[in-house]
1. Could you please find all residues in region 107-128 being over 15 Å from Glu139 (Cα atoms), of a type outside the set (Val, Ile, Thr) and open to solvent by 40 Å² or more (accessible area, probe 1.4 Å)?
2. Would you be able to tell me the number of residues in region 106-133 that are in a loop (DSSP other than H, G, I, E, B) and either free of Cβ contacts under 8 Å to residues at least 12 places away in the same chain or within 15 Å of the ligand (Cβ to nearest atom) (or both)?
3. Any residue that is hydrophobic (A, V, I, L, M, F, W, C), farther than 15 Å from Ser33 by Cα and open to solvent by 20 Å² or more (accessible area, probe 1.4 Å) - is there at least one of those in region 229-240?
4. Would you confirm whether any residue within region 86-93 is surrounded by 14 or more Cβ atoms within 10 Å (Cβ to Cβ), within 30 Å of Lys16 (Cβ to Cβ) and away from the ligand (no atom under 12 Å from the Cβ)?
5. Can you name every residue in region 149-202 that is in a strand (DSSP E or B), open to solvent by 90 Å² or more (accessible area, probe 1.4 Å) and polar (S, T, N, Q)?
6. In region 76-135, how many residues are within 17 Å of the chain's Cα centre (by Cα) and among the aromatic types (Phe, Trp, Tyr)?
7. How many of the residues making up region 7-60 are in a helix (DSSP H, G or I), within 16 Å of the ligand (Cβ to nearest atom) and either closer than 28 Å to Phe208 by Cβ or open to solvent by less than 30 Å² (accessible area, probe 1.4 Å) (or both)?
8. Out of the residues in region 203-222 meeting the condition of being among the acidic types (Asp, Glu) and buried (at least 16 other Cβ atoms within 10 Å of the Cβ), tell me which one is farthest from Ala29 (Cα to Cα).
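The values are calculated or read from the model by the stated rules, or taken from the named source; none is laboratory data. Quantities reported herein were computed from a predicted structural model and do not represent experimental measurements. Methodologically, a virtual Cβ is constructed for each residue, glycine included, from the backbone with ideal geometry; neighbour enumeration extends over all protein chains shown. These area figures cover heavy atoms from the full protein model, side chains too; ligands, DNA and RNA do not enter into them. Shrake-Rupley method; radii C 1.70, N 1.55, O 1.52, S 1.80 Å.
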Amino acid sequence: GYIGLEVAASLTKAGKMVTVIEAAPRLLARVASPPVSAFFATRHGDAGVDIITGAAMSEIRHDNGGFVGATLEDGRQIDADMLVVGIGVAPNTDLAAQADLAIANGIVTDGTMRTSRPDIYAIGDGAFDGSGAYGLRIESVHNAQEQAERAAASITGNDVPRRQVPWFWSDQYDVKLQSAGVLPANNTDLHHVQRAGRREGGFSVWSFADDDLVAVEAIGDPAAYVLGKTCLESGRAPRPVQLADAGFDLKSFVADKPVA
Ligand SMILES: Cc1cc2nc3c(=O)[nH]c(=O)nc-3n(C[C@H](O)[C@H](O)[C@H](O)COP(=O)(O)OP(=O)(O)OC[C@H]3O[C@@H](n4cnc5c(N)ncnc54)[C@H](O)[C@@H]3O)c2cc1C
């Protein structure tokens, strides 16, 4: 995942030799489009990181109480001095269950972040707002802040702000990824369009479910990120064939000017 890759980048920059072991068939399979996964696999490979995908770890090996390496399910042995486990989290809903709150992949809320008991609200990583278009439990700083605003508005009797498009970033080496929207997990029917950015090496990936834009990922291309986020927020996006055309004036399209 992103955290594991960020650690891999930082340790590599600090002069360490790093092996990434990923159970899924590609890096970032749960959260990124295939072109973005491929980009990061190449970037880490170029930096000297050994990436092993589709491989689960079966044993953590110790010698005299100290970590010495890992064994993979296929029998491969990776010797190492340090192990970083970055395998995600599961919400701890024990307290919510004691309070008889509805639970389903987190504490269930409505769009105002109110739980099944009207005098209890839930926000952040542990809250599952099933009412929105996304119907997901999202773990990000922006999500926690946005849900806090909605809960505060509801508690104080003010208008609850409109739901924002989720966004996220990740810094690895000299690369900044910015993404807006959500890539539905395990959705292999998405259509991805890659667009070169103005900066050297920069590009963006626009993902569509049928004709609906669902996510924009920008690597070293902040302009595409801003334009993509605007498209997702307005519900007005270019068609895949337009985006695939390098000469298409995306900026004018988003500004709603006639496109040449
Ligand atoms: C290593 C790492 C890197 C990350 N990087 C990014 C990133 O680059 N971008 C991004 O958007 N997100 C990132 N995230 C995710 C982001 O940190 C979380 O989504 C965000 O902090 C969620 O906010 P929260 O308030 O729900 O939970 P938290 O920030 O975890 O705060 C919950 C607080 O509740 C306290 N608490 C727990 N139980 C109790 C209790 N029973 N009573 C009282 N207090 C309690 C905890 O001690 C904690 O202080 C990262 C997360 C990790 C772990």
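1. Once the filter is applied, which keeps residues that are over 15 Å from Glu139 (Cα atoms), of a type outside the set (Val, Ile, Thr) and open to solvent by 40 Å² or more (accessible area, probe 1.4 Å), region 107-128 yields Asp110, Arg114, Ser116, Arg117, Pro118, Asp119, Tyr121.
2. Initial filter on region 106-133 (in a loop (DSSP other than H, G, I, E, B)): 106, 110-113, 115-120, 122-126, 130-133.
Now narrow it down to the ones that are either free of Cβ contacts under 8 Å to residues at least 12 places away in the same chain or within 15 Å of the ligand (Cβ to nearest atom) (or both): 106, 113, 115, 118-120, 122-126.
Residues flagged as in a loop (DSSP other than H, G, I, E, B) and either free of Cβ contacts under 8 Å to residues at least 12 places away in the same chain or within 15 Å of the ligand (Cβ to nearest atom) (or both) within region 106-133 amount to 11.
3. Checked against the condition, which is being hydrophobic (A, V, I, L, M, F, W, C), farther than 15 Å from Ser33 by Cα and open to solvent by 20 Å² or more (accessible area, probe 1.4 Å), region 229-240 yields at least one hit.
4. Looking for residues that are surrounded by 14 or more Cβ atoms within 10 Å (Cβ to Cβ), within 30 Å of Lys16 (Cβ to Cβ) and away from the ligand (no atom under 12 Å from the Cβ), one finds none in region 86-93, hence no.
5. Gln194
6. Counting residues in region 76-135 that are within 17 Å of the chain's Cα centre (by Cα) and among the aromatic types (Phe, Trp, Tyr) gives 2.
7. Within region 7-60, residues that are in a helix (DSSP H, G or I), within 16 Å of the ligand (Cβ to nearest atom) and either closer than 28 Å to Phe208 by Cβ or open to solvent by less than 30 Å² (accessible area, probe 1.4 Å) (or both) number 4.
8. Checked region 203-222; the qualifying residue farthest from Ala29 (Cα to Cα) is Asp221.
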